[in-house]
Amino acid sequence: MKCGDSHNRIIHPGIPIKSLDGEESCAVTATRAALANYPCPKCLVHHNELHNINGTFEPRITKTMQKAYLDSTRAPNKSEAERILQSRGLHATQNFFWSLHYSDPYLSVSYDKLHSDDLGKWGKHLWPLLLSVLAEDGVKGQLARNMRNVSRWRNLKHFGNVTTVDYADGQDVSRDYGKSFDFFKQHFVNHVIEDIQQKGATDNYETRVGEGIHHEVRQAYKQTNCKNTDPQVCSCLSIKI
Ligand SMILES: [Zn+2]
């Protein structure tokens, strides 16, 4: 095809990197979600081993996943087909990305700091645990007071009552507070080094870039007349930029 610089080139399109949250990662790999025995879209870690961030687990590759799917379609009955799929955490889905060159679905799923760390491990697990520990010790109010007294600063979010905010490693926390770390977002960090080596810094593929602008788009949309909104939203955002 003729490229932008007027030179003709043979093009090999592919999707080697995807920016996804956990649910979307399962969707594009046709794998079962967090409660499955094998919930990781990149490897065959068992659910009970999700806390083990240093473990070595069999990676998902197109060849073996495709074979499991085909085996399930040839199974003598439904329960045997389901057993085969379940043992790989797969849905009965023929994955389109298996046949698209340069687009390995399992390699292209990438570590997402926003959902794994900020909203995941911290927001859904450690932050609620911290609040419950502080409440047990009767000092939850002190945290709210301290955060309220932090000076206001431009672009710094100020928390009037941080302990009501609902946004919310490892074995020390588990031993002392009985907290289980057998959840997917804890395990996902097992893949981050490999992702950085293959695709560069996590900023290149985390979802924050796209989702970070959601709030501004919503504000811009509110300023439209709700008809033919795209150009109005774009114009509003470009003025800001
Ligand atoms: Zn994994």
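Annotations
- Annotation for the stretch 189-241: trypsin sites (Lys or Arg not before Pro) lying in DSSP loop with at most 15 further Cβ atoms inside 10 Å of their Cβ are K227.
- For the chain, adding -39500 (n - 2.57) for each run of n ≥ 4 DSSP H residues and dividing by the number of residues yields -11000 deg cm²/dmol at 222 nm.
- Anisotropy class of the chain from Cα gyration tensor, a/c 1.5 cut: oblate
- Sites I11 and T62, calculated FRET efficiency, Cβ-Cβ separation with R0 35 Å, nearest 0.05: 0.95
- Placing unit charges on each Cβ (+1 for Lys and Arg, -1 for Asp and Glu) gives the chain a dipole about its Cα centre, and among N155, S6, N228 the Cα reaching farthest toward its positive end belongs to N228.
- Value of relative contact order over the stretch 16-168, rounded to a whole percent, pairs C-alpha under 8 Å and six or more apart: 23
- Of the peptides 146-152, 130-136, 40-46, the ranking by mean beta-carbon count within 10 Å, highest at the top, reads 40-46, 130-136, 146-152.
- Given R0 = 45 Å, the distance between the Cβ atoms of K227 and S79 translates into a calculated FRET efficiency of 0.25.
- Cα-projected label distance for D137 with N37, points at 7 Å along beta-carbon direction, nm: 4.1
- At a probe radius of 1.4 angstrom, the accessible area of the chain per residue rounds to 64 square angstrom.
- At R0 = 45 Å, FRET efficiency that the Cβ-Cβ distance of L156 and H101 yields, to 0.05: 0.45
- The chain - percent of accessible surface contributed by carbon and sulfur, probe 1.4 Å: 54
- Mean Cα-pair separation over length for the stretch 22-108, i.e. relative contact order, pairs under 8 Å, 6 or more apart, %: 32
- Cα gyration tensor category, rounded, prolate or oblate, for the stretch 98-154 with a/c compared to 1.5: oblate
- Label sites at K113 and H214, each approximated as a point 7 angstrom past Cα along Cα to Cβ, lie 1.8 nm apart.
- Rounded Å value of the spacing that divides the Cα centres of the stretch 1-53 and the stretch 60-86: 20
- Where N is the number of residues in the stretch 22-108, Cα Rg divided by 2.2 N^0.38 Å: 1.06
The values are calculated or read from the model by the stated rules, or taken from the named source; none is laboratory data. Computed from a prediction, not measured in an experiment: that's the story for all the values here. Note that we place each Cβ from the backbone using ideal geometry, even for glycine, and neighbour counts take in every protein chain shown. Accessible surface is based on the protein model in full, side chains and every heavy atom, while ligands, DNA and RNA are left aside. Shrake-Rupley method; radii C 1.70, N 1.55, O 1.52, S 1.80 Å.
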